[in-house]
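Okay, structure first, notes after.
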Amino acid sequence: MRTHHRRQFLLATLGIGSAAGFGGAGVLTLRDRTGENAAHDGRDRAGADLRAVTERSFAFGTEVRITSCHADPDVARRGARAAMAELVRIDGLMSLYRSDSQLVTLNRDRVLQDPHAHLVELLRRCRAMSQRTEGAFDVTVQSLWALYRRAQREGRLPEPNAIEKAQRRVNWRQIEISTRCIRLHGEG
């Protein structure tokens with residue numbers, strides 16, 4: 001398991017959602033392992049020349065770049081800035097790398113009062129995905145993920161008893177979600 005792949009998925013999902021809010025003008029640009037970016041031919045559907053404007057920032061523990069394309073560079077710039085502002089705001093809510101994020105607070109305290117609507121919606125969608133996949137997708141996998149990441153850094157596999165303990169903490173059914181409160185039930 002590589003954190004890089006999960007991070008790319010999250011950033012792409014958040015970036016596409018942010019760009020969609022600006023009429024679809026924005027494109028999140030992520031480098032693949034070779035350092036290459038997705039290519040764009042610089043023309044819109046009507047064939048007009050597009051101007052690309054890229055905003056850069058740091059979010060979700062990595063560098064992010066959002067490129068917005070539009071015939072009017074000012075519109076492209078506003079689109080890129082608006083998408084980046086939304087991405088940075090979401091990072092403030094849901095980052096595992098920021099001690100003040102709502103997600104870190106929920107994981108630490110096991111309860112979050114007055115959660116942001118984005119977090120509520122995300123967790124509801126995660127729960128629905130877990131139901132559809134009969135638990136193959138489980139948003140509560142962080143303890144297991146962290147165990148494997150620590151072991152990987154040490155060049156080994158986790159001990160079987162540590163895996164069992166972490167697996168007992170993974171159960172999407174133990175998340176109580178409402179607009180007023182999110183609560184984690186269960187062992188941990």
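Nothing in this text is a laboratory measurement; each read-out follows from the coordinates by a stated rule. All figures in this text were calculated on a predicted structure; none of them were measured in a lab. Glycine gets a Cβ as well: all are built from the backbone with ideal geometry, and neighbour counts include every protein chain shown.
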Let me test this: with uniform point scatterers at the alpha carbons of region 76-188, what is the Debye-based log₁₀ I(q)/I(0) at q = 0.10, 0.17 1/Å? -0.37, -0.92
Assuming 0.36 nm per residue, please report the length gained on full extension of the stretch Glu187 to Glu164 beyond their Cα-Cα distance. 7.0 nm
Kindly rank 167-179, 148-160 from highest to lowest mean number of other beta carbons found within 10 Å of each residue. 167-179, 148-160
Rounded to one decimal in nm, the spacing of the 7 Å Cα→Cβ label points at Leu157 and Arg110 is 3.1
For region 55-116, count all C-alpha to C-alpha pairs, find those more than 14 Å apart, and express that count as a whole percent of the total. 60
Residue farthest toward the positive end of the dipole of region 52-188, with Cβ of Lys/Arg at +1 and Asp/Glu at -1: which of Leu144, Val64, Val75? Leu144
What distance in nm separates the simple spin-label points at Asp74 and Arg124, each placed 7 Å from Cα in the Cβ direction? 3.9
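Excluding Ser101 itself, what net charge comes from residues whose Cβ is under 13 Å from its Cβ, given Lys and Arg +1 and Asp and Glu -1? Please list the in-between numbers first.
On the way: positive: Arg89, Arg98, Arg108; negative: Asp91, Asp100, Asp109.
Net of charged neighbours comes to 0.
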With +1 on the Cβ of every Lys and Arg and -1 on the Cβ of every Asp and Glu, and nothing else charged, how large is the dipole of region 37-188 about its Cα centre, in debye rounded to the nearest 20? 280
